[in-house]
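The values are calculated or read from the model by the stated rules, or taken from the named source; none is laboratory data. All values derive from a computational prediction rather than experimental measurement. Reconstructed Cβ throughout: ideal geometry from the backbone, glycine too, with neighbour counts over all protein chains shown.
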Amino acid sequence: MRYPRVRNTGGSHRLPGLLLALIACAAVGAVCAIPATAAVQVGTVGPATAATPAGASPSSHSNRTIRNGDFWRDTSGAPIYSQGGGVLKVGDKYYWYGVKYEEAAGYIANRKSDGSATRFNAVTAYSSTDLVNWTSEGEVIKVAAPGKIFERDAWLGRLGVVYHQRTRKYVLITQYGSKSAGNGVLFATSDTPTGPFTYERLQTQIANVNGAATGDQTVFIDDDGQPYLIFSNSGERRHLYVAPLRASDYLQVGPARLVHQAPAGGREGNAMFKHNGLYYFCSSELHGWNASRSYYMTSPSIDGPYTPERLIKGTENDFSHVSQNGFFIPVAGGKGGTVLFAGDRWSNYAGNGNGYNIWVPLTFEGTAPVFHSLSEFSLDAGRGTWQVGKGNNYVLNPGFEADRVAQTGVTGWVLSWTNLKGPSPTVNVQDSRTGRWALTLAHDQHTMGSAVQNVTLPNGRYTLKAWIKGSGGQKVARLYAYGHGGPEAAITLEKPLAEWTEVSVPGVQVANGSVQIGLYSEGSDGQWLKADDVSLVAEQ
Ligand SMILES: [Ca+2]
């Protein structure tokens, strides 16, 4: 039989068997227009020439798999604390610098976030030859007593390190702001890439810039070795700039060039990479600590003029895998066509799930970058190639964390209701298994609701799972997979589930390269079905 198309914001999916019949549907829609709040944080850091980071499990040098959505560990098994950082390649080695915030260890321990404070603890360094396995090189800047530089209550972040040939100094450039020192760009130097880095100066004004200090910033190193600061202005962050570091010692940001003025909505997470002769200036939206879509504009000259700003394709369906544009690493110099997107997930402040570092490969369609939102992939840093991991979860926004506020639709999913008497209900709630949010299909009077996602994936056998809570008592409640070239697979969920319970639909045999997964609930006033951490993973 043919199933009717459902009208709603998400468009072209079909509904499964049973349910369909009645659904003529009140469209609910979609995707969050998240108001741009003003942002507490400051930018991200840009990498140096090449290179990047990666998460991964401890030791085992044969491990080439980067796993997003978990807290990465170094080769000793200790958690990696590196946020708002960047990577510098020295010889064959990548050095990854970032910030350890006091709240980061606390969040791993108890998964409770407090966005009200950002306490600086240390700048960390890690080294790697494969961008996957990272060895701790220790803390290269440690927090000092109050009233001194590197204060505990200062903002320190969005940093990068560059090497100056003539002075033979490694120069660390970061945002710094405190009551005693003011706000600006701070410079610290070291004789080695592994520190310690010593304070040099704080630059409180950059020539040609609208306002003092910077919005989010990173460091980018051009092919000729010249480093640049890539940033927006502080405050409304609508002005985007490129500024060279002073050639004689890299200890000053030179006069800036305005390369873009956003008509509305500021930009953060400003970072640059170069690919096939084009400079890519990339940014996030102004979502504070939360995730957002990512944008790019290109120019054959670093000073511009740049193209209009465009969306980085693939970042819109789960807000850059629930992260913020951080910095980039052209792997193997970009020879394999791969650039790593190194995003920050500020979960210690946003409470939006597990993991601080979200790294995914970018490829290119012509000159347009494409974001591959993978929870797992293997990387060959020597060749610059990658493959989807065997354990990859093909569901986008599986933990419902992309939307930072209550919504009647959630990013990446299509919500549909039938028989609504009132306005569309809110479908994300702060009663989560992990992170802050979960999905809910809650009934007011007698209604039918569904949340579906159409997934494109290789043919094969998959298991669909989700964590579920429910009032029970619905006429129909189910988690299902449908439209994959085989029989519909589903599990019924009409019994009460007071605690989060994992349910599983194994043996989803995909034969046509796609599947629709979803939750459906037909129930009456006061009945509800919640889901969190949905996964669709190939059976091994
Ligand atoms: Ca969640």
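Just a few scattered comments:
- Residue in the range 380-392 that is within 18 Å of the chain's Cα centre (by Cα), under 28 Å from residue 435 (Cα atoms) and among the polar types (S, T, N, Q) present: yes
- Residue match in the range 337-351 (condition: within 16 Å of the ligand (Cβ to nearest atom), of a type outside the set (Lys, Arg), more than 25 Å from residue 116 (Cα to Cα) and buried (at least 19 other Cβ atoms within 10 Å of the Cβ)): no
- Enumeration of residues in the range 386-407 that are more than 13 Å from the ligand (Cβ to nearest atom) and among the β-branched types (Val, Ile, Thr): 388, 405
- Test: residue 463 is out of contact with any Gly (no Cβ under 6 Å at 6 or more places or on another chain), polar (S, T, N, Q) and within 16 Å of the ligand (Cβ to nearest atom): no
- Annotation note: Cβ proximity below 7 Å between a residue of the range 520-540 that is closer than 30 Å to residue 460 by Cα and more than 16 Å from the ligand (Cβ to nearest atom) and a residue that is of a type in the set (Gly, Ala, Ser) and assigned to a loop (DSSP other than H, G, I, E, B) (sequence gap 6+ or interchain) occurs for 537/391.
- Residue list for the range 408-443, restricted to those being away from the ligand (no atom under 16 Å from the Cβ), surrounded by fewer than 18 Cβ atoms within 10 Å (Cβ to Cβ) and either under 26 Å from residue 508 (Cβ atoms) or among the charged types (D, E, K, R) (or both): 421
- Restricting the range 444-488 to residues that are charged (D, E, K, R) and crowded, with 20+ Cβ neighbours inside 10 Å, the residue that is nearest to residue 518 (Cα to Cα): 478
- Residue match in the range 278-286 (condition: touching an Asp or Glu at 6+ places or on another chain (Cβ under 9 Å), assigned by TED's automatic domain parsing to the domain that holds residue 80 and under 27 Å from residue 79 (Cβ atoms)): yes
- Which numbered condition residue 370 misses (of (1) away from the ligand (no atom under 16 Å from the Cβ); (2) crowded, with 23+ Cβ neighbours inside 10 Å; (3) within 14 Å of residue 317 (Cα to Cα)): (2)
- Residue in the range 113-131 that is farther than 15 Å from residue 357 by Cβ, of a type in the set (Ser, Thr, Tyr) and surrounded by 22 or more Cβ atoms within 10 Å (Cβ to Cβ) present: yes
- Filter result for residue 180 (exposed (fewer than 15 other Cβ atoms within 10 Å of the Cβ) and more than 28 Å from residue 102 (Cβ to Cβ)): no
- Restricting the range 389-439 to residues that are basic (Lys, Arg) and more than 22 Å from residue 111 (Cβ to Cβ), the residue that is modelled with the highest pLDDT: 390
- Test for residue 136: is it at pLDDT 95 or above and either within 22 Å of the chain's Cα centre (by Cα) or surrounded by 15 or more Cβ atoms within 10 Å (Cβ to Cβ) (or both): yes
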